[in-house]
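No value in this document is a laboratory result; all are computed from the given coordinates. For clarity, every value in this text was computed on a predicted model and none was experimentally measured. With ideal geometry, Cβ positions are generated from the backbone for all residues, glycine too; neighbour counts draw on all protein chains shown.
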Amino acid sequence: MSTDTAALFQPVQLGHLTLANRFIMAPLTRCRAIDHLPNDLMAEYYSQRASAGLIISECTMVTPQTSAFGNDPGIYSQEQIDGWKKTAEAVHQAGGKIFLQIWHAGRAAHPLLNNGKEAVSASALAIDDETHTPEGKKPYTVAHELTKAEIADIVNDFRQGAANAVEAGFDGVEVHGANGYLIDQFLRDSANQRTDEYGGSLENRARFLTEILQAVTDEIGSDKVGLRLSPLNSFNSMKDSDPVTWMAFLAKHLNAFNLAYLHVMRADFFGQQQADILPVAREHFKGHLMVNMGYTAQEAADVIEQGLADSVAFGTSFLANPDLPARIQAGAELNTPDQDTFYTSDEKGYTDYPFMNG
């Protein structure tokens with residue numbers, strides 16, 4: 001093992017789990033869940049990557065007809081629970097650990113992908129972009145502003161989704177509060193123009209997330225729950241007027257839940273908004289801090305060695321290298337991700353990336 005990356009290979013506690021290493025497989029949308037059903041091919045894909053300290057699954061719908069990608073999986077039906085059992089069992093048999101990322105797309109769910117069902121959000125606003133639909137690329141639609149009763153229903157959907165994930169055999173769940181999806185649409189002020197108790201102040205904008213975390217942790221235990229946030233990411237027309245204050249508030253606010261971890265994306269996909277938010281998260285959040293976005297193995301090891309984070313999530317490098325920790329340990333060359341197959345429907349570019357030893 002290179003001493004330069006030794007910190008990545010140290011075990012670490014994360015909620016109720018002891019992870020064998022600090023390599024986390026980040027959640028990655030792959031669109032292989034035909035008709036929203038997890039399947040054998042997905043079980044093979046995830047189990048191939050079981051040498052990660054923890055795998056976090058792709059975003060998984062807690063509410064029917066909220067698809068943003070077409071073949072994204074769900075966790076709201078018994079058939080989906082049974083399908084996901086194959087993945088959880090395969091990962092565990094391979095010696096790995098896995099959390100299910102539970103998610104609501106909000107205004108990113110296009111009606112043409114959801115039998116005409118209207119998209120919903122914190123406010124009646126549309127994403128300023130187009131998305132792929134069965135009728136070609138189409139502009140996003142203006143969302144329906146959720147009523148308080150509808151908000152309560154979605155909170156319950158997250159609670160039930162977490163219960164279903166545990167029934168399927170997952171070690172826990174990651175609540176998706178990032179990247180311009182529904183929770184993030186409440187959290188950041190570019191998408192939340194409400195004037196009731198779910199809008200305005202940071203405390204009010206965090207109310208929806210707070211209610212979800214309370215419901216989910218009450219249901220399955222806080223030591224089985226993580227949360228992902230993206231303070232800077234402008235994806236899906238998102239921005240916050242003061243991301244540093246936002247990060248400080250949430251990091252302190254989240255301590256009350258005793259979560260398994262907080263997963264923070266350090267940058268913006270498009271480089272539009274920049275701030276040094278990770279030291280703010282580290283200062284105020286007292287639990288396990290996971291960081292993500294563009295880390296090399298060396299940078300990740302340095303961040304852990306310096307105490308700035310407890311683990312690092314790797315995305316496309318895990319996608320293309322099922323044995324990523326072994327490759328880093330051996331100083332081996334990494335496979336190059338094939339972007340043309342990220343969102344296709346079969347094994348090509350999914351389960352056929354070679355292992356280091358064939």
For Leu19, Leu229, Leu113, order by how many other beta-carbon atoms lie within 10 Å, fewest first: Leu19, Leu113, Leu229
Equivalent ellipsoid semi-axes, segment 220-276, via Cα gyration tensor eigenvalues times 5, rooted, Å: 24, 12, 8
For segment 146-292, radius of gyration divided by Kirkwood radius, i.e. Rg to Rh on alpha-carbons: 0.95
Order by protection proxy (mean Cβ within 10 Å, highest first), peptides 32-41, 45-54: 45-54, 32-41
Loop chymotrypsin sites (Phe, Trp or Tyr not before Pro), segment 180-274, which have at most 11 other Cβ atoms in a 10 Å radius of their Cβ (DSSP): Phe270
Per-selection Rg to Rh, segment 242-358 - Cα, Kirkwood hydrodynamic radius: 1.04
Antiparallel DSSP beta bridges within segment 76-219, percent to nearest 5: 40 percent
Cα Rg, Dmax, the chain, angstrom units: 19.0, 58
Ranked by how many other beta carbons lie within 10 Å on average, peptides 61-69, 104-112 from highest: 104-112, 61-69
DSSP beta bridge pairing in segment 3-341, given as percent antiparallel to the nearest 5: 20 percent
Highest-fluctuation residue, Leu289, Leu262, Leu250 considered, GNM on the chain with Cα pairs under 10 Å: Leu250
Local net charge near Tyr140, Cβ-Cβ under 11 Å (Lys/Arg +1, Asp/Glu -1): 0
Most mobile of Gly136, Gly95, Gly315 in a GNM of the chain (Cα contacts under 10 Å): Gly136
Counted charge near Ala281, where neighbours are those whose Cβ lies closer than 14 Å (Asp, Glu -1; Lys, Arg +1): +2
14 Å beta-carbon shell around Val303, net charge (K/R +1, D/E -1): -3
Kyte-Doolittle at least -1.0, axis length at least 15 Å by Cα - qualifying DSSP helices, the chain: 148-167, 207-220, 243-254
222 nm mean residue ellipticity, helices alone, for the chain (DSSP H n ≥ 4; -39,500 (n - 2.57); rounded to 500): -9000 deg cm²/dmol
